[in-house]
Each structure stands twice: as structure tokens, then as C-alpha cells.
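Heads up: the structure comes next, in C-alpha cells.
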Amino acid sequence: MAARRLPVLAQYRTDAVTRLLCAGAHLDEGFARDVDVELTEDRLRATGLSLGIDLVALARHARASVRRADLRDRRLAQLCAVGVWAAVPTALYGLVAGLSGLALGAGALIVLTYGTAWGLVHRAESAARAAALAVEHGAERPVDLAPDVGRRSRTGCWSRSGPTWSRTPRAPSGPTRSSAAARRSRKWSGSPSTSAGPPTIRQAVAS
């Protein structure tokens, strides 16, 4: 009887979770903005240790996605300011005044503006999909496929090896509990030779 051959199990990369999260940051703008705010904007809180996820790579790809979306939005706003907000009143004025040439020119400008806007959005979406495919199926490390964030963040020091955390305990800068208790005991006792502790009701009334 021949031995039964088991099916080959699927093999995954050790950084598969990081790659999927980085790819998701390029495809989901809302997720990218949440990650960017969580890891780079709020510098008053620290991020804990990540288990199997390269937070530096994730922050870099999220910031790259946010920058791409912001650039797209700025260009769309400029197109709307020039091609829509200026062309629509011009087209209405041409129709009211009977200037067919002016109205047709303004209408052509509006159509050209919408076509250019569609091209900008399509270009941004294509770049996002290309970046997602590169980070998910590429051979390079995810942290090397996106530009540096450019400043410190909650994930620690932005080094190529990953975030670092300081584990050295610091000496307390203010008074400790023991020193406060000692001062309180000296205050209630009245003299160093008297035993520490709060006064009784009779002592407080007598004083």
C-alpha cells in the first residue's frame, strides 16, 4: 500500500502582515490617514512594541499615500477654481448676452476641466495600485519601498532597522513617597525623638 501524500501547505513570508498592511494603506485612503495620525501626528503618547509588524514601514507607506492624495486634491481644487468656477459664470453670461462663441468656449473649458480631473484621479489610483503591488509581491523590504517620513514619531527613532525604545529607568525628578511620608511624620510628631504618626483627638484639642 502506497503512502498517502499530504498536500503541500501554503508558504508565507515572515513579513506578510506588514506587506498587506502597507498595501492596504495605498488602497484605502481612510486607513492611511488613520495610520498617519496614529503613528506620526500625536507625539505626546508612545506606541507599544509591535508583534511581527514593522511600524516604520507602515508609517512610511501611509505617509506616501497621504501625500499622494493631498497632491491630487490640491490639483483638483486648482482645476475647479479655474475651469469650473470661472467658466460657469462666463457660459451663463454668454447665453444671456447672446454671445454663442463665448458660451461655447466656456462649455468646452468645462468639459476639458472634467476630462483633466478624471485623468488626475486615474493617474493617482494607478500609482496607488502599482505601489500596493510592489510592496505586496516585491522582493525588496517594505521599509525600502517608501520615502522617509522626515521626522520623529510615536514609533521611536526612524532608523532602517526599525523603531527603538529606551529601557533605561530614569531617576525620579520630584519627591518620592518615602520622603513625603518622612516630612509628614516629622510634622505631626513635632520633634525627631517623638514617634511618628498622626496626633490623637486629645492632643489635637489640647494644642
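Here is how the numbers come out for the structure above:
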quantity	calculated
Hey, residue 51 under 13 Å from the mean Cα position of the chain (by Cα) and modelled with pLDDT under 90 or not	no
Some residue of region 39-52 being touching a residue at least 40 places away in the same chain (Cβ under 8 Å), buried (at least 21 other Cβ atoms within 10 Å of the Cβ) and either charged (D, E, K, R) or over 30 Å from residue 116 (Cα atoms) (or both)	yes
Filter pass, residue 30 being out of contact with any helix residue (DSSP H, G or I) (no Cβ under 9 Å at 6 or more places or on another chain), among the small types (Gly, Ala, Ser), in the same structural domain as residue 128 (by TED's automatic domain parsing) and farther than 30 Å from residue 112 by Cβ	yes
Considering residues of region 67-102 that are surrounded by 13 or more Cβ atoms within 10 Å (Cβ to Cβ) and hydroxyl-bearing (Ser, Thr, Tyr) only, the residue nearest to residue 128 (Cα to Cα)	90
Subset of region 106-128 (residues that are in contact with a Leu (Cβ under 8 Å, 6 or more places away or on another chain) and of a type in the set (Val, Ile, Thr))	113, 116, 121
Checklist (1) more than 13 Å from residue 146 (Cβ to Cβ); (2) touching a strand residue (DSSP E or B) at 6+ places or on another chain (Cβ under 9 Å) applied to residue 55, failing item	(1)
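Residues are listed down the side, and each one gets a yes or a no for (1) in the same structural domain as residue 132 (by TED's automatic domain parsing); (2) assigned to a loop (DSSP other than H, G, I, E, B); (3) of a type in the set (Phe, Trp, Tyr); (4) out of contact with any Cys (no Cβ under 8 Å at 6 or more places or on another chain):
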| site | (1), (2), (3), (4) |
| --- | --- |
| 5 | no, yes, no, yes |
| 37 | yes, no, no, yes |
| 49 | yes, yes, no, yes |
| 58 | yes, no, no, no |
| 63 | yes, no, no, yes |
| 67 | yes, no, no, yes |
| 74 | yes, no, no, yes |
| 77 | yes, no, no, yes |
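For every residue, the table says whether it meets (1) touching a residue at least 60 places away in the same chain (Cβ under 8 Å); (2) touching a Gly at 6+ places or on another chain (Cβ under 9 Å).
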site: 13; (1), (2): no, no
site: 29; (1), (2): no, no
site: 56; (1), (2): yes, yes
site: 59; (1), (2): yes, no
site: 63; (1), (2): yes, yes
site: 70; (1), (2): no, no
site: 90; (1), (2): no, yes
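The values are calculated or read from the model by the stated rules, or taken from the named source; none is laboratory data. It should be emphasised that the depicted structure is a prediction, and the values quoted were computed from it without experimental measurement. Virtual Cβ from ideal backbone geometry, glycine too; neighbours counted across all protein chains shown.
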